[in-house]
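Colleague: Starting off with a structure, shown below.
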């Protein structure tokens, strides 16, 4: 330490504390005497009885430490005070101990007993701080004590102490790596901890001590995912980074099917423009080959289904993109970049661009990562191009990075804007930045063929710039560009030859000389003259220039020896006596090679080939290319070099490891099938609710009912049977119910929801039959339960068969399924009773057993339930399902619920009750019919036989496709069938007789107008076009005020799709919801749009050729939206 | 994680050091000081420096360098973000973050650092939690402290563990319960020579000052939340409710905090409140040039534009300037070549103008690029995006709080290219 700094320190020390100067004259604060004097003084104070004196002394000592001054000689005096009663003194003594214990190990041991006592203190904070200090004392001899203390603290009641224990683990590990095994045990124990306070710290300990023990994470994976949002920010970063690695080892690459296409396709678009001049044929060939490989790839590929745990991770990290902490945002961004399916990665762009407004250091790091990402996924950042524009006030390093990103983002469409920006940058006063800009222009020119000439011209203009650095940089870049097509640009070469008189920057001179030498055939007259000039100044040139002069001479000698022979000789002679041995070497070598002598070897005849070989044009690449093999956001990525302790991001496994390792309860099944996977999820549920530490029976029951309603509203399309979709919706509902439990702050709210969720159960009976069937609203819950069960039973059967098939097939599948359903109905009844028992048992066993195809879907029960849920939850679920669905348009299905109507009451039907609902599926035997699903429940004591339809009394044009006769319906059983009715696009009722073997019942089915249509898929533009054609009489507009619960896009969508069988049309504006469908019989278009305004005002527009339908539909939707 | 922290002033003096693991010699800073020497501006010092045994990650803030020493892999943003938190904490405790303040409160800063990190891993970074451990100084207390010789360390250990709501301290009591929200919007823009907007966006922030007793649960809703394109929240905000209902529901920390920041979704429709007519020219032959700048109101929504200030970094070759301003006053620092014209309130009737001559160093070539103008301004009682707070509801407590919302529009990085 220098004398002056010591002096400063001391002065600062006394002034800082600002206390009376205990016999210490500031004037004598020299280095020689007063150190000892003052320390004596401090010792005295420490020994005194007064706490205030002790405190003062400690403060001065700590101030010394803070300044980096040595205060170690006070150790004995300080350590005595470790047991001081005064908390303030104690704290400062702790601070001192932590700093100097390592240097004074023996004395430090004196304090240990105090800490051991502290570890038993009733106050959790004292326990924690004792452990903190004890573990911070880096004295090897106390390792066993530390180990013991950590173990004890790991099972402390207070989460705060457990957190401190987690912190202590890496400290002990760095002190004594031998303890690793014991420490891993503690880590394992703490990983199972359920509090958010501990999670971050223990994962940090895990990362430092045993990052390779990925197996410890399995059991805690789901818990960590679910806790994540409530963990403190720093812990989030560590956990997310660890989970990224974990996911890379446990899940399959979500892009594996696309990876082939992506790499081929993406690269092609990028380089394709390079060689568009004369390589078209080649490209064609390439393309064909590519198509072939694509085709084979498609044939080969297995259906990829994302592991639900993988999805869980992606979903639970996404909201953290909104964190205020840049490190958290970056952590999520890298997680998405490394783990998410290609289509979903885009969400991170916005958040990263937001960080660009943060401190310049944050910008610096973010830009580095964006630069890497923008090479792989250019499209992601393209919309934010302007956010990377450079301000003159940006620090140079930021400017250069922004430039890098801009260059990466450049493509045919935006290149003109980018070049215009670059033009502004070239005028900057910051010369490093200008040089970087010129490089960037060069890269744009190589990558994008169309602008190559423009860029080249621009760069040539820069050659007349006054600033030499600019000129030099331009020369270097032009050289690279010219190499691509030298024939067309001999005038530029000539122009550059003239520059040799002026440019002094060696690199630029060397570049010009190289160009002239390389293309001396294009400038046969000038080249020898340049050589002549250069020969004159040879001795004064820089080394790289000299080398290029020799090269030029050699090349000219080979092409034009008549004119340049003497000059070459001269240059070579000069070089022979150069100071630099490289130059002497080069001269000797070249002389031997080109000047024919008798001794010259066999090589000289190849001289021309050697020197004038065609050189490949340089590829101007981004320095950030392929940097993504480092985990983004890491220090190693930033430095582009592996930092100590960096954990390599593993490649995706070929085959997914057993996913069941993450199950917390050991499942009894062993085989892995898709069906089993679903069941695993069931097993998880109790775990989730447990993880919140509140697993009362009511709690889980609640979550179950939430789940049930959630899965229903989430998909609303149970029968459509696309496997993956229903899986997703199931997850959504899971998360929703978890979330409720998770957020402790929302408890109050949750209670409200609980109440709401419970209420509907008794009310559910009257709700569905509102309207025409009020009279029948007697008790009938019993039959319904029965019916719902049997329905779902059958659903399950058909679904489980189909669940393996792919999503794409869902279209045809639904048809198949209806057929299947019929078969099932026909054949199932006899085998039912035992199964049903099974089912019941299962239900009782665990309330959490609900699945997407479980009893829950019984529409009659669920619809009202849903209505009673707080709209927030509904929209929550909606929102989730929508975000997940957005990916594939085929999954945009009406998310409404199926309303059930009564066809025949139990009493009038003498024990047979019949209900029907509109299943909203295409009726496969006749596409012009509306599919009506009919459920028979036999609540009589005897079995009903030969159920069939007879004697339909129909309006003209209406048709009925009867369901196949049901031969036997045993008592207490339920069966459902599908029949098709062509309503002729009218709401007239279809009347017919329902016959059993003994009786006939007159029944009628009257469709609500919303069921007379079926959804069609349209793009926004098509929608607008069609809407434009259906103006005037065909358009009905209504203003309305949305009910409070119904405000918000999701609520609107849900209500409209419940009211009418329409599909959502994607729409750019979020204030407008559009829906499209066509009538089933005539196929006329039905377009609905709801534009929401402020304060719940909204406007409903219905366009339909059939005015009657339009008017009725408006009425129905209005009612749905304002009810 | 973070091994050590050094605070370094612009002249390169290390005035505070704190080690969380084994002591790292301060000679490690030499690498940094070397890089600092090389850089023209303090901002140009690379934030991450690789030395043979350590990695140095530093930030430059409030004219101080916060330099941390790292030994193993750690996300750089993690460290940078933490260092900024340290600076914010100092600011929060002592009113400003500067060398003198740190030197005056050396012990307290040291203790705070001790609390903030444990073994290099962040322990308590929430100001509410820290303040419970170490009380911030107040004038009264510092007087009392000098007299009685006590310090600011809490004399009673906090017993309640704020584990459920880590950002809020327990047992808050106020006689006047009040909650104020400032909606501050900044316009970032680049205008080109002709005044066309090259790039413009609105960034906003909702700053809150909440002094409410007990455990209030607040819900803040906007009239037009759809304006908000991208948001980031204080950890207290419940993400789920925002996603589903577009309301901010939160249990606030005690005191001042940033509730949310947002980006407004209005790609090209940003109202630019002022226009700038400028001409800066240098003559090729003579060694001088002219400067003429006029600022006028453009789209101000009927409000007055205040605090207008034009900052110009003049080229290095300028020798002296001779300007006259029709309104406000200008200052010019010949060392940094920084011209600041403080206009004040913008009067639409009489537009402020600054004109005069610039003289260049003799023989120096004409500067190639005209300097760009950085504009500062603020408009009270206006959120330029039109964002409006609808209502603030409080649950969980019985009393009726006093509520207030203020809107301000400012210029952010508002640059006019010339």
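Quick note: the coordinates plus some simple rules give every number you see, no bench work behind them. Note that the structure is predicted; figures quoted are calculated from it, not measured. We place every Cβ from the backbone using ideal geometry, glycine too, and count neighbours over all the protein chains shown.
Colleague: Cα centroids of the range B:222-281 and the range A:186-241: how far apart, whole angstrom?
Modeller: Taking the Cα centre of the range A:186-241 as reference, the centre of the range B:222-281 is 32 Å away.
Colleague: What is the spin-label model distance, in nm, from residue A:1095 to residue A:155 if the labels are put 7 Å beyond Cα along the C-beta direction?
Modeller: Rounded to a tenth, the inter-label distance reads 6.5 nm.
Colleague: A further question on this structure: What is the percent of Cα-Cα separations in chain B that go past 38 Å?
Modeller: Summing the P(r) tail past 38 Å for chain B gives 37 percent.
Colleague: Another question, if that's okay. Note down the relative contact order for the range B:274-379 as a percent, whole number, built from C-alpha pairs under 8 angstrom at least six residues apart.
Modeller: For the range B:274-379, the relative contact order is 39 percent.
Colleague: Sticking with the crude label model, points 7 Å out along Cα→Cβ, report the distance from residue A:1017 to residue B:72 in nm, one decimal please.
Modeller: 5.0
Colleague: So how tilted is helix B:29-38 from the main axis of chain B? Cα-based, degrees 0 to 90, rounded to 10.
Modeller: Orientation of helix B:29-38: about 20 degrees from the principal axis.
Colleague: Same structure, new question: Taking a quarter of the surface of the Cα convex hull of the range B:2-51, what do you get in nm²?
Modeller: That works out to 3.6 nm².
Colleague: Evaluated at 20 °C with a viscosity of 1.002 mPa s, what Stokes-Einstein diffusion coefficient in µm²/s does the range B:274-379 have when Rh comes from the Kirkwood expression over alpha-carbon pairs? Walk me through the intermediate numbers first.
Modeller: Working: Rh = 14.3 Å.
For the chosen part, D equals 150 µm²/s.
Colleague: How big is the range A:937-1041 on each of its three principal axes, counting only the C-alpha atoms and giving the largest first in Å?
Modeller: Computed over the range A:937-1041, the largest-to-smallest principal extents equal 59, 29, 28 Å.
Colleague: Hey, what angle do you get for helix B:106-116 against the long axis of chain B, alpha-carbon based, 0 to 90 degrees rounded to 10?
Modeller: 70
Colleague: Further, regarding this structure: If you take the beta carbon distance between residue A:928 and residue A:414 as r and set R0 to 51 Å, what does 1/(1 + (r/R0)^6) give as a FRET efficiency, to the nearest 0.05?
Modeller: 0.55
Colleague: OK, next. How large is the direction-averaged shadow of the alpha-carbon convex hull of the range B:321-413, in nm²?
Modeller: The Cα convex hull of the range B:321-413, projected and averaged over all directions, gives 11.0 nm².
Colleague: How high is the relative contact order of the range B:2-148? Use alpha-carbon pairs under 8 Å, at least six apart in sequence, and give a whole percent.
Modeller: For the range B:2-148, the relative contact order is 22 percent.
Colleague: So if we plug the beta-carbon distance of residue B:53 and residue A:1039 into 1/(1 + (r/R0)^6) with R0 = 60 Å, what FRET efficiency do we get, rounded to 0.05? Mind showing how you got there, number by number?
Modeller: Values: r = 72 Å, r/R0 = 1.21.
With R0 = 60 Å, the Cβ-Cβ based efficiency is 0.25.
Colleague: Can you grab the distance from the C-alpha centre of the range A:1057-1118 to the C-alpha centre of the range A:440-478, Å, no decimals?
Modeller: About 56 Å separates the Cα centre of the range A:1057-1118 from the one of the range A:440-478.
Colleague: Return P(r) of the range A:168-215 (all Cα-Cα pairs; 5 Å bins starting at 0; whole %; ordered from short to long distances).
Modeller: 5, 24, 35, 23, 11, 2
Colleague: So, R0 is 35 Å and r is the distance between the beta-carbons of residue B:364 and residue B:11; what FRET efficiency does that work out to, to 0.05?
Modeller: With a Förster radius of 35 Å, E is 0.70.
Colleague: Moving to a separate point now. By how many degrees, between 0 and 90 and to the nearest 10, does the Cα long axis of helix B:139-148 differ from the longest principal axis of chain B?
Modeller: 50
Colleague: Give the dimensionless ratio obtained when the Cα radius of gyration of the range B:2-148 is divided by 2.2 N^0.38 Å.
Modeller: Numbers: Rg = 15.5 Å, N = 147, 2.2 N^0.38 = 14.7 Å.
Its radius of gyration relative to the 2.2 N^0.38 Å reference: 1.06.
Colleague: In whole angstrom, note down how far apart the Cα centers of the range A:933-973 and the range B:1-63 are.
Modeller: Centre-to-centre distance over Cα atoms comes out at 84 Å.
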